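What follows is a set of notes on a single structure, which appears directly below.
The values are calculated or read from the model by the stated rules, or taken from the named source; none is laboratory data. Just so it is clear, the model here is predicted, and its values are computed rather than measured. Cβ atoms come from the backbone with ideal geometry, glycine included; neighbour counts cover every protein chain shown. Just so you know, the surface numbers come from the protein's heavy atoms only, side chains and all, with ligands and any DNA or RNA stripped out. Shrake-Rupley method; radii C 1.70, N 1.55, O 1.52, S 1.80 Å.
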Amino acid sequence: MPAEYFASWRVPDLVRDRERNPLDLYSTVSAKLLYPQAKSSDTQQAGQTIPLFHATTWAAQPTAPNKKQKQKTRCEDLLCYVGGAVWSLDWCPGSEGTDDDPQHFAVGVHPGGRTKTVIGEAVSGSALVQIWSAPSETSSNSMSTTTALPEMQLGLWHQGGLTWDCKWCPCDTATQTNSTSSSSMPRLGLLALVLGNGELQVLAVPQPAAAQQALLPGDKDSSVLQQVGPDPLLVDLPPVAWLQPPAFGNSLPSVVEWLPVPPHDLLLVGFWDGSVAVVRLQPGTAPPPSTPVALQGQGAAPACKSADRALQHDMVLLVHFQVDATALRAVAWCSPQVGQQEAMEQRHLFITAGHLGFVRLWDSRDCSKPIYQRRVSSIARLLCLQWTHLLDPPGWLLGTDDGAVMYESSHPSQQGQSWQDAHLRRVESQKGSHGTHNVTREIRGENTGAIWSLHCCPSNGMVAYGGEDGEVAICKEPMLQDSRHRRAHTAVAGLLVRDEGTEVRPAQYYKQHDAGVYQGAKPAKLRGLAHANQSVHRVRWSPNGGQAAWLAHGGAAGIVWLQRLSLR
């Protein structure tokens, strides 16, 4: 299929929303943030707070007013306050990370007043998806660098109550910069959303700079947000394609993944009831006029406002079937570098992981039984996974609720062999000689809490993970299967809630104190249960590689932490 597969998915007309006030939904200021405690008592600090939609730099220690801070570090720590618990986070691919083409990331935040959300239950109401620009680094000379602060540039309103997941299309080549329609504007990318009311939406997100130029021509009326700071553009953006709960038999989705190979026309969707669906996006085909009405709360507006039907496109449900008895937390397509192209495995194979501890490999062409299944843990829930080709043999990385990062391998052992052939040969021999599996566990220590998220950097092969204990660590992927010469993982960030505030520990702190994930040769252990507000829910590497890689992570504290980590 041509690269212009989504070229017709133009940005709908934007309407600036002045009625809804984000201050009614999200916390206006962060908790008090503290620098790491020093051994000396002369570094007593008053703490620092970050207003909503603001960002600040952070270091291991505060800089004294009479001292000049040398900017030689290859690690930038930037904190963005988004107003509530972060449960969805993703980088937009394709940007070069320069002043002319900055990187962007999307954040889905649970409303600040929502202290508890029951999975599998529909919710509705106003919520924002935030589009931030990441800073671009500029060098003034060979010895120093300066980094601008991130900016919250665009807010996308919806009536889905909250955003469980958001994912950008892996490669959006049709940016519409040469569109023949005078009413359209350049497209930043296509963003898939899983909402709390059960809707699956795809948004054609405009370039924030173009949207601001179109809707803010000299208009600086910031009455809504003048008490907290910058005036981001908040708009109603109708989806270009969507499916509502009746299409899924009223199952509520929990997670979504784009097909990683061109033309990226399939979405893999996991559900809270243990089912999974494959959905095809069909540009140029309008949805039927009998689309069911969206789930609405009492007195709530429709989940998505009507748009010009010329800008609406069909989303076709191909398969929807049960794969587990309990909630699915993670799904993943076959890695493009792994699947056999002749057998179309890259378009049909995927894996699922859920609360019962099973990892299962499926082929969407035969939903009667999985190609492969294994209960990797009988006592732990599987919370996150990624299919990676950088291991030998390729396999899956899994995170559990008992603090383990696990590696599962079940790749065909013969060169050029398909997964189906490997499975049949294994069944016949009953010896596991074809498509054998092995598991390596990497445990951070007892009582370290759940691993909520892990992600492999596509440019440098580093694995980043974070969870309940508030720490984010990185490791090289080959370490996960090297049990004899396994090296310690490196902590790069951490939050610790204390009575007087939240202690923010950047990478420099762990280098100075030899603490974190490993203290010397022994794993670090939590003393009792971790505070709920220090939990890390999402960890994501930027796909836009270079001399350094941006790592973003966020969680219950409402802070998205950006770190620029050198690859050297």
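Inside segment 32-47, residues that are open to solvent by 60 Å² or more (accessible area, probe 1.4 Å) and modelled with pLDDT of 90 or more make up a count of 1.
When residue 362 is tested against (1) open to solvent by 40 Å² or more (accessible area, probe 1.4 Å); (2) out of contact with any Lys or Arg (no Cβ under 8 Å at 6 or more places or on another chain); (3) at pLDDT 85 or above, just one condition goes unmet, and that condition is (1).
Of the strands (runs of 3 or more DSSP E) entirely within segment 198-291, those holding at least 1 residues that are modelled with pLDDT of 90 or more, more than 22 Å from residue 91 (Cα to Cα) and not basic (Lys, Arg) occupy 241-243, 266-271, 275-282. So which of 109, 123, 129 is closer than 18 Å to residue 557 by Cβ and at pLDDT 90 or above? Among 109, 123, 129, only 109 is closer than 18 Å to residue 557 by Cβ and at pLDDT 90 or above.
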